[in-house]
Each structure stands twice: as structure tokens, then as C-alpha cells.
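Notes follow the structure.
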Amino acid sequence: MSAAHGRAVPGPVARAGARVFDVVYLCFGAAAWAIVAYKARAWFRDRQNADLGLTCVMTAGVANVFLLSAPSVYRWFDRLVGVANLAMVFLYSSVVVFATGALVLMLRWTGSAVRPRTVVTAVGAAWSVAVIGFAVGRPDAVEHPRDFSTAYAEAPGVVTFLVLYLAIFGSGLAGLGVLCRRYASTLRGSWLARGLRVLAAGCWLGLAYCACKVIGFLFSWAGRDLPWLSNGVAPLTASVAALLVLAGFAIPALGPRVSAWRRLRRLNPLWREVTAQAPEVAMAAYMGYPGWTGWWPFADLEWRANRQMAEIRDVQRGVRRHVEAEALEIARVKGRAAGLGDWQLVAFMEAAALRRGLLNQAAGRVPVPGADSVVVETGAGPGQEHEHLARVADVYHQPLVDEVLEELGERTAAQRQ
């Protein structure tokens, strides 16, 4: 180890380990910054949403932690500024930014009388003391990207820096974890509730990281170092916690898009078939989707899913007069006989009526009496209606539907005779 030059000379094993950490942390960092970009894009569209802007800043703090945790980036930064371990100050400062954001969110969500500016000022003052402790308390200028806390466990200034960091971080995690869990229990089944639960899990795991660091300090001061805990378990715990926090922030935004993509995949075959026979209802046929949709399959998923649902409903209304009055009843009887459940039965009835209506429309037949309606499921919210039409698409070509059409065809032929 060369203290004169401020860095150790790593051996082959250490270099290989550093490369592994580089790959892992840089990949995590790239994913984290992608989430930051996605959330920032949403915030730029809604700048009045202070909570969204705050979560953008918090997410950026986590992303910066991953970036500076890569040993090569850590050493590059130190060489750039000419101060050993200054990267650790910026790394922990990013964590403090996240923790401060968590405390401010807690105040905003609970309607506390404490002003967020007061908390930010208090944290800023405490962190200033911590940075001063780092600046004046370093006993050497050797880089310690992976064992900083154990290397300086006997240096009072650095210990002050670390203890204040853990206190700020731990308080932010505890407050945010309790709050997320409480709000998640009131938002059952939503993507926001899932995100809050994952975020809470990340906070609890982050507290475990703080506990590992504190225990490591106590044992070091007692003359018994636990490097496997401070330098092994703690960083691993912190990394998993950070990933959970990022996932918790991303799920409420990405979850609905995933659901919309799944609905779109299930609706698309039915939409293509019915709009091919009734092209006048297809908005895309004469207006086109937004320009980027043609080459980016995940663009405007919610809009496209809603549009396809509306166009399928338009076709259903358009073919109503071409459907025999008894079509739904025949489908109901056959569906019950086949043991279909309530949701399956409703979807099956609509699929049979829709296929019959399109066949009669193509043949120019208008039965008398016609059906009052071919839409069985009504009054549901958009999500439930999407799911219902997806079930209609699933059963649209089932053999049982063919049996209904055959019976209707036989009845029509008998009536003509």
C-alpha cells in the first residue's frame, strides 16, 4: 500500500473483484438513471406536482449512489478532485439528499405543523458538521472505496461524519417506511399500493444496513473488528435496499403501462378482426396513431388500449340490429351447460353475439326481431371493462361459440322454409 500517493496497489484478486463491482454497480446505476429520466419527463409535464419533483430528486440520489459505488468511478473522482475519499462524501451526500426528501415527504403526507424548510435546514446544518469532521479528521490520504468505515473506525472526525450520516439516513428511512406501509393499506389492489409496499420493504432493509454499520462500530471500539459485517453484509444489504426503493418509485408509473400492454396484446386480435369488417370505426384507419407509435411498440399504451376498447364497443353497437333476439339466450343456455362461470359466461355470450352480428351484417341479413343489445357487461370501471373485453377476445373463436352460430343458422334456415 502506498500512502504517499493516496491509493493502495491492488493485487490480481482485488482487481478482479473491483471489476465485478464495477459491472454490477454501473448496470444498477444505468437502470436507476433511466428511472430518473422517466420520472423527470413526467414531472416536466406536471411541474405543479411537488411530490413528483421531490421523488425525482430522491431517485437521482439513489442513482448517484450506485454510480459512485463503482470502484473505478470512485477512484476516478478522487483523482479528478485530488482528494482521497472525497467520492465517499459525495456518495453519502447523495444518501442524505434521499433521506431529507423522505423526511419532507413524511411532513407533507401527514400534514405536520413542522415546516419542510425547517427540516431541510436542520439536516443541512448536521451534514455540514459531518463534512467538517471528515475534512479535519482524516488520519491519512489512502483511498478506501470498500472499507471506509472500518479503516477509520478509530478516527474521531470520520466517526462523527459516519454517525451523523447513519442518524440522518436511518431517521429518513424509518419515517418513510412507516408512512408507506400505512398508506399502502388504504390503497388495496392498486399499483400505487404495490409500489408503496416495495418502497417500505426497501426502507426496512436500509435500516438493517444502518444496524450492521452501528454494530460494526461498536465491535471495532471494543477491539474486535467485524469486516465481514461492515464491508460485506452491510453494502450488500444497502444495494438490495436501494433496488427495492427504486422499484417502489417505479412501480406506480410502470405498472399501469405493463397492464395496458397486456390488455393491448389480448385485445389486438379481436380488434383487428372486427375493425377489418367495420373499418369505418377504426380511428387509426383514417387518422393514425401518434407518429412514434409506428416504430416504438410501447408508446401510448393506455391510449391505444382505450381506443381499441372504444372501437370494439362501436362495432358491437353497430351490429346490434343484425343479431337475432334469441342469440344471447341460446349462448347463455349452452354456456351454463358447459359449466362456465359468471365472468366466462358473460364474455362467451358477447363473443357469440358479436360473431353472429358480423356474419349477418356481411350477408346483409337484418333479423326480426333483433336483439335489444349485444353488450352484456355494463357499469364496470375502465379496468374491469378492459378485462372483460380481453376475455371476449380469448373465447371469440372457441368451438362452443361455433355451436351457438350453428344452432342460430339452423333456426334461420328453418324459419325461411
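The values are calculated or read from the model by the stated rules, or taken from the named source; none is laboratory data. Fair warning: this is a prediction, and the values are worked out from it, not measured in the lab. FYI the Cβ positions are ideal-geometry reconstructions off the backbone, even for glycines, and counts take in every protein chain you see.
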Within region 22-51, tally of residues that are touching a Gly at 6+ places or on another chain (Cβ under 8 Å) and either on the phi > 0 side of the Ramachandran plot or aromatic (F, W, Y) (or both): 1
Scan region 309-331 for residues that are under 44 Å from the mean Cα position of the chain (by Cα) and of a type in the set (A, V, I, L, M) and jot them down. M309, A310, I312, V315, V319, V323, A327, L328, A331
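Suppose we keep only residues that are among the polar types (S, T, N, Q) and closer than 30 Å to A305 by Cα within region 228-272. Which one would you say is surrounded by the most Cβ atoms within 10 Å (Cβ to Cβ)?
To start, the set of residues in region 228-272 that are among the polar types (S, T, N, Q) comprises 230-231, 237, 239, 259, 268.
Next, from what is left, pick out any that are closer than 30 Å to A305 by Cα: 259, 268.
Details: S259: 17, N268: 14.
If we take residues in region 228-272 being among the polar types (S, T, N, Q) and closer than 30 Å to A305 by Cα, then S259 is surrounded by the most Cβ atoms within 10 Å (Cβ to Cβ).
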Of the residues in region 273-313 that are at pLDDT 70 or above and over 28 Å from Q398 (Cα atoms), the one that is surrounded by the most Cβ atoms within 10 Å (Cβ to Cβ) is D300
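Taking the condition modelled with pLDDT of 90 or more, surrounded by fewer than 20 Cβ atoms within 10 Å (Cβ to Cβ), part of a helix (DSSP H, G or I) and not hydrophobic (A, V, I, L, M, F, W, C), does G17 pass? Before you say what the answer is, go through the steps one by one.
Working: modelled with pLDDT of 90 or more: no; surrounded by fewer than 20 Cβ atoms within 10 Å (Cβ to Cβ): yes; part of a helix (DSSP H, G or I): yes; not hydrophobic (A, V, I, L, M, F, W, C): yes.
Considered against the rule, which asks whether it is modelled with pLDDT of 90 or more, surrounded by fewer than 20 Cβ atoms within 10 Å (Cβ to Cβ), part of a helix (DSSP H, G or I) and not hydrophobic (A, V, I, L, M, F, W, C), G17 comes out as no.
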Counting only residues that are crowded, with 22+ Cβ neighbours inside 10 Å and among the aromatic types (F, W, Y), which one in region 80-104 is nearest to C180 (Cα to Cα)? F98
Can you find a residue that is surrounded by 17 or more Cβ atoms within 10 Å (Cβ to Cβ), at pLDDT 90 or above and within 24 Å of S171 (Cβ to Cβ) anywhere in region 23-35? yes
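Only one residue in E350, E407, E377 is at pLDDT below 85 and assigned by TED's automatic domain parsing to the domain that holds E329. Which one? If you could, list the steps in order and put the result at the bottom.
Working: E350 fails: at pLDDT below 85; E407 fails: at pLDDT below 85.
Step by step, each of E350, E407, E377 is checked, and only E377 is at pLDDT below 85 and assigned by TED's automatic domain parsing to the domain that holds E329.
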